[in-house]
Amino acid sequence: MAVTGHVFLLLTEEILLIPMIQFNDVVKVYPGASQPSVDRLTMSVPEGETCVVIGPSGCGKTTTMKMVNRLITPTSGEIFVGGHNILKQDQVELRRGIGYVIQQIGLFPHFTIRDNIAVVPKLLGWSKARIDRRADELLDLVGLNPAQFRSRYPQQLSGGQRQRVGVARALAADPPVMLMDEPFGAIDPITRDHLQNEFLRLQKQLKKTIMFVTHDIDEALKMGTLICILQVGGVLAQLDTPANILAQPADTFVADFVGADRGLKQLTLVRVGQVMQTTLLLGNVSDSGADLAAKMRSHKIDSLFITDDAGKLAGYVGLDEAQTHPGKPAKAMLRHLISTTEEEATMKDAFSTMLSYGIRYLPVVDPQRRLVGMVTVDDAQSLIAATQPAPAGG
Amino acid sequence: MEFINNLGEFLISLKDGLLYYLPGVGRPDRVLEFLWGHQLITFVALVFANAISLPLGVLITRVRILYDPVIKLTGMLYTVPSLAMFGLLIPLVGIGFTPSIIALTLYSLLAIVRNTAVGIDGVDSAIIEAARGMGMTRRSILLQVELPLALPVIFAGIRIAVVSTISLATLASYFGASSLGKLIFEGIAAGGGRNDKVAAGAIGAALLAILFDTAISKLERSLPGVTSKQVGG
């Protein structure tokens, strides 16, 4: 039933039903290989969707993606992008119209950040002034200060900053379609979570049609509006929404691939922003220890988030310290928070952060680090309890 | 003890070699003539060597089946003993400047061809894939990405070629070309009595090596390759 529901939704919301990316019976056999890498693949990605292609190694997920911009040529079958048969298009022209982000980022080390972003606009013959404007606009969009970063070289940036430039470069000519090959694969887990959240925020504004390859099922469930699971040999196992993949795996392969802890995986489908508590008890950096202690005692809690006058999260104060220093302002006894999360993060992200740091609650901040809410271990646990998969047939 | 004596004689020869450069005492006119000849042979041979090797190095990275034959052939040329090489060329092109240029060009091929190919192959494949994925043509990938990034390795090859060419150019005077080798051979022919000439020739070759290397560093810095700033230095 859920499958029909989804299709119905598409029919009513999308007036144009021409898919942005369409595979028709696509086969790829590498020279010398006895088995195809992609086998009679037929699938479509409607405009504005993020389709995550995932599967075990050898399932042809990267091959599938690279056929879209013809870095790999299909052996047979047809691929349409925006309604055009790509095999009948000039491949250089085709690629200039598709954003491409890869795991190793592939920035040109001898180009400045501005020149890296300028590659496709330059190929398209934009004026220098227009390229300069666009580069600054994109750096802003991905959260890098243009004045600070435009003239730097890639080696002078951290891994996370480089990946942001990689995304900015892919967006440079505003292509309707983006291909992302494990874009956050080479980045440390904390930065990765943050970049994923940032990209989800970005995609909400940009509404690109994205084909995203990963081997990480949690990332797939988090980033995808559609998930395409391939089996070894490039056979399509299931193409569906994350919720349906979890609730109704097409076969035992999908069920096994998604994993045994599907109850826990359900947490991936819930965003922090959907369940966070937004009415919080707060202290201000200038409140006195006595005031804070009184506040905590009256609400029977043992610590309090402290924000500054702009609403930015400054840290927290424990009941003991507040009682010991009744005359001091909060900012003199502030303790730093171990971790924070964002509205776009999944409850799975938040839950695993709380578990790994051994904390019971996690403040939720916006990109400007203003405190917007809080989630707790109890929130996560009650979600798991509510979504425990019913026995088969239920 | 004997070693100390020998070292003393060596230093005296070196001093006499330097005196050979002084007007009145030595023959600065001859030194200048041979420096000029030596420089000319080196420069012309390197121009030819680069003109052949750079395109050839690029070509063998595009047409893979040529890679091994070309590297093997240039390697074989490099192993031909220099006296034999000149000897073989004389029946074909006579003596003097021409066989010297041909021989020295052939000797330089290996270093430049191989370093050009190795430099291009060494460019991070992710960078090339990103370039292709963005719709750069093969030509612009070569000119804007591969060659600039391969430049340090290519220049290392050119530097090796420069040093070996300067050293081998001394032999050219044996076959009738004008080079610092003339002074060295005269010194040796005198049977140990004119070590000043041998030293003067060697000092001249060392001077040329420094001059060429400085010029090449200048050239390298003026090209749009990778600088220390870009690699985080």
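Some points to look at:
- Qualifying positions in the stretch A:153-185 - assigned to a helix (DSSP H, G or I) and either of a type in the set (S, T, N, Q) or within 16 Å of A:ASN69 (Cβ to Cβ) (or both): A:GLN155, A:GLN156, A:GLN161, A:GLN163, A:GLY166, A:ARG169, A:ALA170, A:LEU171
- Qualifying residue in the stretch A:239-256 (condition: within 25 Å of A:SER352 (Cβ to Cβ), part of a loop (DSSP other than H, G, I, E, B) and charged (D, E, K, R)): no
- Selected residue (only one of B:VAL25, B:VAL63, B:VAL93 is open to solvent by 90 Å² or more (accessible area, probe 1.4 Å), free of Cβ contacts under 8 Å to residues at least 40 places away in the same chain and more than 28 Å from B:ASP213 (Cβ to Cβ)): B:VAL25
- Pairs are defined by a Cβ separation below 9 Å, a sequence spacing of at least 6 or placement on different chains, a first member in the stretch A:245-259 that is on the phi > 0 side of the Ramachandran plot and open to solvent by less than 50 Å² (accessible area, probe 1.4 Å), and a second member that is part of a helix (DSSP H, G or I) and of a type outside the set (Val, Ile, Thr); the pairs so defined are A:GLY259/A:LYS265.
- Residue check for A:PRO242: closer than 12 Å to A:LEU221 by Cβ and either under 23 Å from the mean Cα position of the chain (by Cα) or hydroxyl-bearing (Ser, Thr, Tyr) (or both): yes
- Meets criteria (closer than 30 Å to A:ILE86 by Cα, open to solvent by 20 Å² or more (accessible area, probe 1.4 Å) and not small (Gly, Ala, Ser)) for B:ARG221: no
- Exactly one residue out of B:SER173, B:SER164, B:SER178 is more than 14 Å from every other protein chain (Cβ to nearest Cβ), closer than 18 Å to B:ASN50 by Cα and open to solvent by 10 Å² or more (accessible area, probe 1.4 Å), and it is B:SER164.
Rundown of residues vs (1) small (Gly, Ala, Ser); (2) more than 20 Å from A:SER339 (Cα to Cα); (3) surrounded by fewer than 20 Cβ atoms within 10 Å (Cβ to Cβ), yes/no style:
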position: A:MET178; (1), (2), (3): no, yes, no
position: A:GLY185; (1), (2), (3): yes, yes, yes
position: A:PRO189; (1), (2), (3): no, no, yes
position: A:GLN203; (1), (2), (3): no, yes, yes
position: A:LEU206; (1), (2), (3): no, yes, yes
position: A:THR214; (1), (2), (3): no, yes, no
position: A:ALA220; (1), (2), (3): yes, yes, no
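- When the criteria are applied in full, A:VAL81 meets the requirement of being more than 13 Å from chain B (Cβ to nearest Cβ), in contact (Cβ under 8 Å) with a residue 60 or more places away in the chain and surrounded by 17 or more Cβ atoms within 10 Å (Cβ to Cβ).
- Elements of type helices (runs of 4 or more DSSP H) contained in the stretch A:279-357, each with 3 or more residues being closer than 30 Å to A:ALA385 by Cα and touching a strand residue (DSSP E or B) at 6+ places or on another chain (Cβ under 9 Å): A:347-357
- Within the stretch A:34-49, the residues that satisfy the criterion of being assigned to a loop (DSSP other than H, G, I, E, B) and surrounded by fewer than 17 Cβ atoms within 10 Å (Cβ to Cβ) are A:SER34, A:GLN35, A:GLY48.
- Selection count where residues are open to solvent by less than 70 Å² (accessible area, probe 1.4 Å) and charged (D, E, K, R), scope the stretch A:127-138: 3
- Considering A:LEU94, A:LEU124, A:LEU107, A:LEU141, the condition of being within 14 Å of chain B (Cβ to nearest Cβ), surrounded by fewer than 21 Cβ atoms within 10 Å (Cβ to Cβ) and within 26 Å of the chain's Cα centre (by Cα) is satisfied by A:LEU94 alone.
- Residue, most open to solvent (accessible area, probe 1.4 Å), within the stretch B:43-60, restricted to residues that are in contact with a helix residue (DSSP H, G or I) (Cβ under 6 Å, 6 or more places away or on another chain) and of a type in the set (Val, Ile, Thr): B:VAL44
- Just one of the listed residues (B:LEU104, B:LEU83) is closer than 15 Å to B:GLY181 by Cβ, within 18 Å of the chain's Cα centre (by Cα) and open to solvent by 60 Å² or more (accessible area, probe 1.4 Å), and it is B:LEU83.
- Sole residue being more than 14 Å from chain B (Cβ to nearest Cβ) and within 23 Å of B:ILE128 (Cα to Cα), chosen from A:PRO74, A:PRO56: A:PRO74
- Only one entry of B:ALA156, B:ALA126 meets the criterion of being away from every other protein chain (no Cβ under 14 Å) and free of Cβ contacts under 8 Å to residues at least 60 places away in the same chain, and that entry is B:ALA156.
The values are calculated or read from the model by the stated rules, or taken from the named source; none is laboratory data. Just so we're clear, the structure is a prediction, and the values are computed from it rather than from any experiment. When we count neighbours, we look across all protein chains shown, and the Cβ atoms used for this are built from the backbone with ideal geometry, even at glycine. Just the protein is used for accessible areas: all its heavy atoms, side chains included, with ligands, DNA and RNA removed. Shrake-Rupley method; radii C 1.70, N 1.55, O 1.52, S 1.80 Å.
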